[in-house]
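Quick notes on the structure that follows.
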Amino acid sequence: MLMKPTFPKGRILSIAGSDSGGGAGIQADIKTITALGGYAMTAITALTAQNTQAVQGIYPVPESFVKRQIQMVIDDLGVDAIKTGMLANAGMIDMLVDIISGLDVPVVVDPVMVAKGGSVLLDPSAISSLTQKLFPHAYLVTPNLPEAALLLNRTIKNVDNMVESAKDLLSFGSQAVLLKGGHLLENDIYDVLITQSGQKKIFKSPRLKTLHTHGTGCTLSAAIATYLAQGLKLKEAIEQARAFVWHAILQAPGFGKGHGPLNHQLTVQPFRPTSQSVKKLSEGNI
């Protein structure tokens with residue numbers, strides 16, 4: 001059966017680091033945005049040498065060149081949503097704030113600070129820049145529990161702690177906070193949404209017992225940004241993104257000897273050209 005080509009809806013700019021293993025960072029963002037029907041654009045903040053077991057090297061990209069990547073994309077292609085991941089240092093954050101402060105698009109900030117294997121991905125001296133300068137420009141901030149604990153200097157042991165912590169994170173100025181509870185030792189996964197408008201929602205899904213969870217945070221934030229760019233309201237965007245991540249974990253390919261990648265391709269329906277379809281396409285009949 002001949003499939004009609006589909007065209008991207010929503011231009012999403014991911015500003016993040018590169019994962020040579022393909023499971024997280026820019027690579028996960030591109031795969032996620034594409035799978036969900038968006039158009040992925042990138043500004044790479046750092047190169048990493050990593051796989052499913054460890055990060056063995058980090059090579060930051062100069063801030064001036066990251067700025068050039070961002071400006072070239074925005075000036076020509078335009079942007080409907082921005083997602084940030086690994087930002088590395090305070091200078092990178094300051095540069096980014098200068099740019100996004102003049103934009104009227106939703107910015108989803110995934111405060112990437114420490115890799116799953118323990119490698120530091122954000123200079124500790126940049127934490128104040130993250131919370132005091134970037135968070136106030138964010139539509140949504142998506143920390144996990146270790147990141148929230150570090151930002152708030154506290155231990156988070158249960159869902160009640162998560163609700164209070166999300167409220168406190170909201171005081172940094174973002175429009176909303178989604179605190180991810182995957183690190184809680186519970187049979188289910190709980191994520192807590194708190195907004196400046198007073199909305200509170202606790203999302204719940206069954207925990208999948210698997211090692212293949214590398215890039216879940218990147219994937220979730222990229223999915224939310226994509227759905228926001230496509231016009232969904234925040235709560236619906238989060239619900240859809242959580243469902244995508246859950247199924248991507250469930251159908252993980254099992255690659256690697258450590259924490260393997262998700263299956264980002266589960267919603268992709270590629271157009272497979274034939275000589276007949278190419279002829280129709282060129283004639284404008286498809």
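Does Leu232 qualify as being more than 16 Å from the chain's Cα centre (by Cα), within 24 Å of Pro106 (Cα to Cα) and either at pLDDT 95 or above or β-branched (Val, Ile, Thr) (or both)? So Leu232 passes the test. So for region 208-222 (the condition being touching a helix residue (DSSP H, G or I) at 6+ places or on another chain (Cβ under 9 Å) and surrounded by fewer than 19 Cβ atoms within 10 Å (Cβ to Cβ)), does at least one residue qualify? Checked region 208-222: at least one residue is touching a helix residue (DSSP H, G or I) at 6+ places or on another chain (Cβ under 9 Å) and surrounded by fewer than 19 Cβ atoms within 10 Å (Cβ to Cβ). All of (1) in contact with a Ser or Thr (Cβ under 7 Å, 6 or more places away or on another chain); (2) surrounded by fewer than 23 Cβ atoms within 10 Å (Cβ to Cβ) hold for Phe7 with one exception: (1). Scanning region 244-257 for residues that are in contact with a strand residue (DSSP E or B) (Cβ under 8 Å, 6 or more places away or on another chain) and closer than 21 Å to Gly181 by Cα turns up Trp246, Ala252. Within region 35-61, the set of residues being touching a strand residue (DSSP E or B) at 6+ places or on another chain (Cβ under 8 Å), buried (at least 20 other Cβ atoms within 10 Å of the Cβ) and more than 13 Å from His214 (Cα to Cα) comprises Gly38, Ala40, Met41, Thr42, Ala43, Thr45, Ala46, Thr48. Ser125 passes every criterion in (1) without any contact (Cβ under 8 Å) to a residue 12 or more places away in the chain; (2) over 30 Å from Arg11 (Cα atoms) apart from (1). Flag not set for Leu103, criterion: out of contact with any helix residue (DSSP H, G or I) (no Cβ under 7 Å at 6 or more places or on another chain), touching a residue at least 60 places away in the same chain (Cβ under 8 Å), surrounded by fewer than 17 Cβ atoms within 10 Å (Cβ to Cβ) and at negative phi.
Scanning region 145-183 for residues that are surrounded by 19 or more Cβ atoms within 10 Å (Cβ to Cβ) and out of contact with any Leu (no Cβ under 8 Å at 6 or more places or on another chain) yields Glu147, Asn161. Please verify whether region 122-134 includes one or more residues that are in contact with an Asp or Glu (Cβ under 6 Å, 6 or more places away or on another chain) and at pLDDT 95 or above. No: region 122-134 contains no residue that is in contact with an Asp or Glu (Cβ under 6 Å, 6 or more places away or on another chain) and at pLDDT 95 or above.
Checked across region 106-115, the condition of being under 18 Å from Thr48 (Cα atoms), out of contact with any helix residue (DSSP H, G or I) (no Cβ under 8 Å at 6 or more places or on another chain) and in contact (Cβ under 8 Å) with a residue 60 or more places away in the chain holds for at least one residue. In region 129-146, the residues that are under 13 Å from Val107 (Cα atoms) form Cβ pairs under 6 Å with partners that are part of a helix (DSSP H, G or I) and not aliphatic (A, V, I, L, M), at six or more places apart or across chains, as follows: Val141/Phe135; Thr142/Ser221. Filtering Lys209, Lys204, Lys157 for residues that are modelled with pLDDT under 95, under 25 Å from Leu228 (Cβ atoms) and basic (Lys, Arg) leaves a single hit, Lys204.
Within region 96-126, track down each residue that is over 17 Å from Leu179 (Cα atoms), outside any loop (DSSP other than H, G, I, E, B) and among the hydrophobic types (A, V, I, L, M, F, W, C). Leu96, Val97, Ile99, Ile100, Val120, Leu122, Ala126, listed by residue number.
Here Val66, Val109 are screened, and the one residue that is over 21 Å from Asn144 (Cβ atoms) and buried (at least 18 other Cβ atoms within 10 Å of the Cβ) is Val66.
The values are calculated or read from the model by the stated rules, or taken from the named source; none is laboratory data. Since the structure is predicted, the reported quantities are computational estimates derived from the model, not experimental observations. As a convention, Cβ positions derive from the backbone with ideal geometry for all residues, glycine included, and neighbour counts pool all protein chains shown.
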